[in-house]
Amino acid sequence: MSAASPPFPAVAALAWAAAGPPVLVFAATRVRRGRIPLHATLMIVSALIELAVVAGFSFLMTPSPRRAALVALPIFKIHLAFAIATLAGIAWQLATRAVARLRPLHRHSGPYVVLVWCLALLTGIYNYLFLYVMSVP
């Protein structure tokens, strides 16, 4: 690690990026009769964690001196696309559960939302490594 320790929101985001994909896959596979409440609880908690991470980076955290360099990298743009698609996917999944006519689409679109969400988390790990672990050239 660098001399200064990373801010708490960055460490929390890293922990979520590492633990999130297995939790999401587990939660997504709990959709059997009698398991719907567990599925819903896990997915809602995951969505709340995701929103907290986004809020932490957007409003609470002071930008790292290396953030400008990170934003210029293609991997950051890919991560940002996955992150925006994830938030849209979460909104879509919530809408498909809330609107009776859309419910059949919930089951069919869910795996894709989880896939994009996991990709956003995994590409986010690189952002952490770039900002707080890699040495400055």
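Summary of values
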quantity: Listed residues 109, 90, 8: farthest to the positive end of the dipole of the chain (Cβ charges); calculated: 109
quantity: The chain: DSSP helices with Cα axial extent of at least 18 Å and average Kyte-Doolittle hydropathy no lower than 1.0; calculated: 8-28, 36-55, 74-98
quantity: The chain: Cα Rg divided by the 2.2 N^0.38 Å rule of thumb; calculated: 1.15
quantity: Computed magnitude of the charge dipole of the chain (debye, nearest 20; Cβ of K, R +1, Cβ of D, E -1); calculated: 600
quantity: For residue 97, net neighbour charge (Lys/Arg +1, Asp/Glu -1) across residues whose Cβ lies under 11 Å away; calculated: +2
quantity: 15 Å beta-carbon shell around residue 123, net charge (K/R +1, D/E -1); calculated: 0
quantity: When the range 56-137 is reduced to its Cα atoms, the Kirkwood hydrodynamic radius in Å; calculated: 14.4
quantity: Two-site FRET efficiency, residue 133 against residue 8, from Cβ-Cβ distance with R₀ of 22 Å, rounded to 0.05; calculated: 0.85
quantity: Contact order relative to length of the chain, as percent, for alpha carbon pairs under 8 angstrom and 6 or more apart; calculated: 38
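Values quoted throughout were computed directly from the atomic coordinates according to the rules given, and no laboratory measurement underlies them. The structure presented is a predicted model; accordingly, all values stated were derived computationally and were not measured. Neighbour counts run over all protein chains shown; Cβ positions are idealised from the backbone, glycine included.
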